[in-house]
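Participant: This structure is in structure tokens; I'll ask about it shortly.
The values are calculated or read from the model by the stated rules, or taken from the named source; none is laboratory data. This one's a predicted model, so the numbers in the text were calculated from it and none came from an experiment. Glycine also receives a Cβ, built like all others from the backbone with ideal geometry; neighbour counts cover every protein chain displayed.
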Amino acid sequence: MPLQFERSWRNEELDALRDTAVRFIESEMQPQDEAARKRGHVGHALWRRAGELGLLCTDIPEEYGGGGGDFRHEAVIHEEMARRGLTGMSNSVHSIVAHYFLNHGTEEQKRRYLPAMARGELVGAIAMTEPGAGSDLQGIRTRAVREGDGYVIDGSKTFITNGYLAGVILVVCKTDPSQGARGTSILIVETKDREGFKVGRVLDKMGMKAQDTSELFFDGVRVPAENLLGGREGQGFFQLMSDLPYERLIIGLAAVACMEGAYEATLAYVRERKAFGQPIAEMQNTKFKLAEVATQIMVGRAFIDRCVEQIVAGTLDTATASMAKLWGSEAQGRVLDELVQLHGGYGFMNEYMVTRMYADARVQRIYGGTSEIMKEVIARAL
Ligand SMILES: Cc1cc2nc3c(=O)[nH]c(=O)nc-3n(C[C@H](O)[C@H](O)[C@H](O)COP(=O)(O)OP(=O)(O)OC[C@H]3O[C@@H](n4cnc5c(N)ncnc54)[C@H](O)[C@@H]3O)c2cc1C
């Protein structure tokens with residue numbers, strides 16, 4: 001039985017968007033997923049197609065080329081991809097980048113980048129992490145030095161989602177190393193024909209094989225002064241911190257949708273598969289495991305839906321969003337482990353969705369701030 005759960009924020013318009021997303025995902029994304037996993041990226045054409053269908057930047061105002069919706073519009077798209085274990089097109093990072101422009105960009109920056117991002121012509125990435133600094137972002141070493149009418153960027157970044165396909169990258173740099181957090185700024189780098197900019201390897205990961213996670217190198221990369229996000233130096237940390245609830249809620253939301261898709265696939269599997277003369281589904285252990293999983297999904301959904309309502313109302317705080325990310329990603333790991341077990345040996349085969357989801361789920365506890373960092377943030381608010 002699919003889980004019956006009345007979404008508190010559902011309405012007809014969102015249902016119609018969900019239908020469009022499902023049609024795109026099932027007819028255009030899913031058939032290409034295996035090839036994308038082998039290649040390590042989904043390619044530009046899929047991004048442009050998503051743009052054509054109005055599935056990108058759905059919560060960006062229409063005056064900047066977006067869909068004019070709110071977080072719920074994004075949520076339905078993230079959910080439908082996550083339910084099917086499709087992680088190749090990181091629409092979430094793309095949306096996060098669009099929000100940096102919307103919330104912190106100058107008027108000119110919004111007009112220059114947001115419409116192209118909504119059309120899927122420019123894929124967005126955000127480059128914070130470096131080989132020597134991840135959780136502790138104050139330790140980044142990439143420098144942006146003011147020279148004449150521009151900045152010169154030197155440094156390297158790693159683990160950057162959408163890094164290979166990105167047309168615009170928000171690069172977190174030190175503009176004044178003597179100032180700690182206040183010496184950090186975000187520079188906008190358009191990648192096309194950018195001298196000194198190089199994309200390194202598409203990294204070989206445990207999961208999320210179709211997602212282009214890359215190393216980036218900046219060797220004397222020049223950008224004009226108007227590419228400073230928001231136009232004022234030293235705002236980088238403030239800009240990063242203020243958008244955290246948005247990105248953490250996306251991770252929690254995707255976690256619950258992924259559990260739900262995996263639960264339904266497992267239910268179908270255990271009803272079909274037999275051992276000792278009966279379907280696996282008839283064994284008490286299977287029933288109990290599925291009962292536990294279904295309960296976790298229902299509980300998780302109630303919390304996530306409440307967070308969705310709060311973010312739409314503008315009241316979601318960072319600690320609560322961190323709880324959504326912490327609980328969602330940890331539950332996702334536990335649940336996927338149980339569901340793989342119910343598949344027996346087939347649960348170890350990559351052709352099965354739950355297997356891929358199990359591998360993909362692992363990073364949910366690491367990126368966007370690790371579980372340990374989430375606990376730090378929550379503890380500080382207690
Ligand atoms: C697939 C993937 C995609 C990613 N996408 C992006 C991206 O698009 N952009 C980007 O900038 N980054 C991205 N990242 C990087 C990601 O955000 C970092 O890997 C993450 O924040 C952890 O940083 P780190 O890897 O340097 O680990 P470290 O900071 O070295 O942490 C190692 C361990 O120490 C623990 N630890 C650290 N500090 C504390 C503390 N204060 N208390 C307790 N424990 C602590 C951590 O929790 C972890 O368990 C991505 C990573 C992956 C794997």
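Participant: I need a count of the residues in segment 128-149 that are crowded, with 18+ Cβ neighbours inside 10 Å and over 18 Å from THR370 (Cβ atoms).
Facilitator: The number of residues fulfilling the criteria is 2.
Participant: Report whether or not VAL377 is in contact with a Ser or Thr (Cβ under 6 Å, 6 or more places away or on another chain) and either under 25 Å from ILE126 (Cβ atoms) or without any contact (Cβ under 8 Å) to a residue 40 or more places away in the chain (or both).
Facilitator: Criteria met by VAL377.
Participant: Just checking, how many residues over segment 243-263 are among the acidic types (Asp, Glu), assigned to a helix (DSSP H, G or I) and more than 14 Å from GLN332 (Cα to Cα)?
Facilitator: 1
Participant: For the list (1) within 16 Å of the ligand (Cβ to nearest atom); (2) buried (at least 17 other Cβ atoms within 10 Å of the Cβ); (3) in a helix (DSSP H, G or I); (4) not charged (D, E, K, R), I need the number of the one condition that ALA331 fails.
Facilitator: (1)
Participant: Go over the candidates LEU339, LEU316, LEU290, LEU267 one by one and state the one that is farther than 30 Å from SER214 by Cα and not in a helix (DSSP H, G or I). Before the answer, list the steps.
Facilitator: Working: LEU339 fails: not in a helix (DSSP H, G or I); LEU290 fails: not in a helix (DSSP H, G or I); LEU267 fails: not in a helix (DSSP H, G or I).
None of the other options fit; the residue is LEU316.
Participant: Considering every residue within segment 291-300, establish whether at least one is more than 23 Å from the chain's Cα centre (by Cα) and surrounded by 14 or more Cβ atoms within 10 Å (Cβ to Cβ). Give the steps one after another, and end with the answer.
Facilitator: Let us first name the residues in segment 291-300 that are more than 23 Å from the chain's Cα centre (by Cα), namely 291-295.
Still in the list and also surrounded by 14 or more Cβ atoms within 10 Å (Cβ to Cβ): 293-294.
Within segment 291-300 (the criterion being more than 23 Å from the chain's Cα centre (by Cα) and surrounded by 14 or more Cβ atoms within 10 Å (Cβ to Cβ)), the answer is yes, since at least one residue qualifies.
Participant: What do you reckon, is TYR151 touching a strand residue (DSSP E or B) at 6+ places or on another chain (Cβ under 6 Å), outside the structural domain of GLN332 (by TED's automatic domain parsing), more than 16 Å from the ligand (Cβ to nearest atom) and within 16 Å of THR191 (Cβ to Cβ)?
Facilitator: yes
Participant: Here is a follow-up. What residue, among those in segment 18-31 that are in contact (Cβ under 8 Å) with a residue 40 or more places away in the chain and either under 16 Å from SER90 (Cβ atoms) or assigned by TED's automatic domain parsing to the domain that holds LEU165 (or both), is surrounded by the fewest Cβ atoms within 10 Å (Cβ to Cβ)?
Facilitator: Residue satisfying both the conditions and the ranking: ILE25.
Participant: If we scan segment 59-76, do we find a residue that is crowded, with 24+ Cβ neighbours inside 10 Å, part of a helix (DSSP H, G or I) and in contact with a Lys or Arg (Cβ under 8 Å, 6 or more places away or on another chain)?
Facilitator: yes
Every residue, every condition in (1) of a type in the set (Asp, Glu); (2) surrounded by fewer than 22 Cβ atoms within 10 Å (Cβ to Cβ), yes or no:
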site	(1), (2)
GLY155	no, yes
ASP176	yes, yes
GLU190	yes, yes
GLU195	yes, yes
GLN211	no, no
PHE217	no, yes
GLY220	no, yes
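Participant: Starting from segment 48-76, take each residue that is on the phi > 0 side of the Ramachandran plot and list its partners that are of a type in the set (S, T, N, Q) and surrounded by 21 or more Cβ atoms within 10 Å (Cβ to Cβ), counting only C-beta distances under 7 angstrom and pairs at least six apart or across chains.
Facilitator: Qualifying pairs under 7 Å: CYS57/SER95.
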